[in-house]
Structure formats: C-alpha cells, structure tokens
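Just below is one structure, and these are the notes that go with it.
Read-outs: derived from the displayed coordinates by stated rules, not from any lab. Note that the structure is predicted; figures quoted are calculated from it, not measured. All Cβ positions, glycine included, derive from the backbone under ideal geometry; neighbour counts span all protein chains shown.
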Amino acid sequence: MEDLELTIITGLSGAGKSVAVKSLEDLGYFCVDNLPPQLLPKMVELCQQSEKIDHLVAVIDVRGGQFFRDLFHVLEELDRGRVNYHILFLEADDATLIRRYKETRRTHPLHADGGISQSIAEERKLLLPLKERADMVIDTSLTSVRQLREIITESFRPAVKGTSPLEVQLISFGYKYGLPLDADMVFDARFLANPFWVDHLREKSGLEAEVRDFVMSDSRAEEFLNRVEGLLTSLQEGFVREGRHFITVALGCTGGRHRSVALAEELARRLRDRGWTVVVRHRDLHRD
C-alpha cells in the first residue's frame, strides 16, 4: 500500500509513550513497540505490501541502546524513499518524571551512576535533535492518563478518516501555573475583564454560557479572536508546505478557568467552521 502513513512515537522515558501507543492501537493502528531503528524501513516495506495496514506506529526510544543512535540515518533513508511519516514526541518536567519513577520503582533505561536526575538529563540531551524534528510535542507534566488518552484519540482519529491536513491543538492555561511547554504559539488574554472579580461568576468556568457571554461582551475579545484566527489562517499553507501536520496554540489568562477557556472554545468553533481539525484541552480548568 503506497499511501502508508507512519507515526514514530518517541520521547522521554516515563512521559507516557505506552499510553499513547495503546490509544493508537484502540484506533486500529498497527503498532510496534521498542523497534530497533534499523528494522524500520523493512517494517514499512512489509506494511506497504499489505492490503490491510495503512497506518503504522513504531515506538523508538533510548531502550534501543546503541541501536537508537542510528535513527537519524534511518530517517534520512525514509526521506529518500519519500515515506510519509510523522514524529510524536512526549516529554515531562524532571519533577514529574522522578515522581513517576518512584511510584513504579522502575529503572531508567540509561541508569546513570548519578541517579535518576542524571539519567533524565542525559536522555534529554540525547533526544533534543529528535524533539526539534517532531511534528507534535506533548508535555504530559500536568496531564493524567485519561487526559492523554483523550488527546491522542482526538488528535489521531482524523488521520484515519483522512480529513484535515493540519490539526490545531488549543490549550487554555493559567499563567500562575506556568506556560505549556509544548506550545508552538502562546497568546495572552489577561488584558480582558476578569470574571473572577464578579461574585456570581467566580465559581463558574468559561464552559458556561454566563462566563462566555461576559468574556465575549468585551469588544476587545472579538478583535483578539479575529486577529488570532487570521494569523492561523494565513500560516496554514506554510505549515503544511513545511510538513507540519500538528500545531499547538495556547491561550492563557491568570488562573486558566474563565477567559482562556471561553476564548479557546470560541476559537475552536471558528476554526472547525473553516473545516479545520481542532482538539481542545483545558489544562488548568479543574485546579482550585
């Protein structure tokens, strides 16, 4: 099958690759875990000859040991063969990764003498060139297993259906909890009137009509969305031409509960009306 699509899942150990690959298996993708990079071209060739496999997922990471370093040569080979592939990179901050390793009592695949912190640092350095080539980067530091499954499912289901060539992941967040590390673009909505200071709106969220109407009643909100929508529309062709199939756009307010949530939902509606594939994630909506 010449139109085979290949997704390479990689990233930091403990960042959620096993959850991602299981989610794609549930979508009907043919998945291979911990594949030595040298075997990837042969795996692609076998799948191309199959009439039943049109989406291949290969998890390739530092568990491959010395073989992992050959991945970049393999990617060059895939480029020469004009194989349609995308790279999904999963990461998390050090504190989250250390906590996850303590909970599971697993040994880091690099297992440095300096302990888990040094192992993570060495892995980040080793994977940095691959992260820079990734089509989609997901930071799972503040993401539960259920939320990651939802992100993967919503992000990759359109690929099976063959709809939009460019997918946008919209993230609402609160600046008080830090920037989303996986964002390609960040827009600040803190200049808008804050529903938090309205007593009957404080405990509500941007998903509720009263808060949404309050946010959108500010004329600056309409202008803000028009500009963001126009920017994304003008850049779409360029992203696709450069081989980008996923972009992550973050909208932030102070707490990530009111303004950013309402704006993300409205922007998602507008982009979907244009035929775009959009996934919305409200990172800090349920925080106190």
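Brief remarks on what is shown
- Restricting the range 232-288 to trypsin sites (Lys or Arg not before Pro) in coil, as DSSP defines it, with at most 16 other Cβ within 10 Å: R274, R287
- Compared with the alpha-carbon gap, the fully stretched path from F191 to Q118 is longer by 22.2 nm at 0.36 nm per residue.
- For the chain, the longest principal axis of the alpha carbon atoms and the long axis of helix 145-161 meet at an angle near 80°.
- Contact order normalised by residue count of the range 18-89, Cα under 8 Å, 6+ apart, percent: 34
- With R₀ set to 25 Å, the beta-carbon distance separating Q66 from T107 gives a calculated FRET efficiency near 0.90.
- GluC sites (Glu not before Pro) within the range 224-287, DSSP loop, no more than 11 other Cβ atoms inside 10 Å: E242
- Based on Cα contacts under 8 Å between residues 6+ apart, the range 43-135 shows a relative contact order of 28 percent.
- Once mean projected area of the Cα convex hull in nm² is calculated for the structure shown, the corresponding label among (i) 23.3; (ii) 15.9; (iii) 20.3 turns out to be (ii).
- Pairs from the list K17/K125; K125/K176; K17/K102; K131/K176 with a Cα-Cα gap above 24 Å: K125/K176; K131/K176.
- Per-residue Cβ neighbour rank within 10 angstrom, fewest leading, S172, S144, S18: S144, S18, S172
- Length added when fully stretched, S144-D213, from 0.36 nm per residue minus Cα-Cα: 21.8 nm
- GluC sites (Glu not before Pro) restricted to the range 20-72 and DSSP loop, no more than 13 other C-beta within 10 Å: E51
- For the pair the range 205-220 and the range 32-91, the centres of their Cα atoms are 46 angstrom apart.
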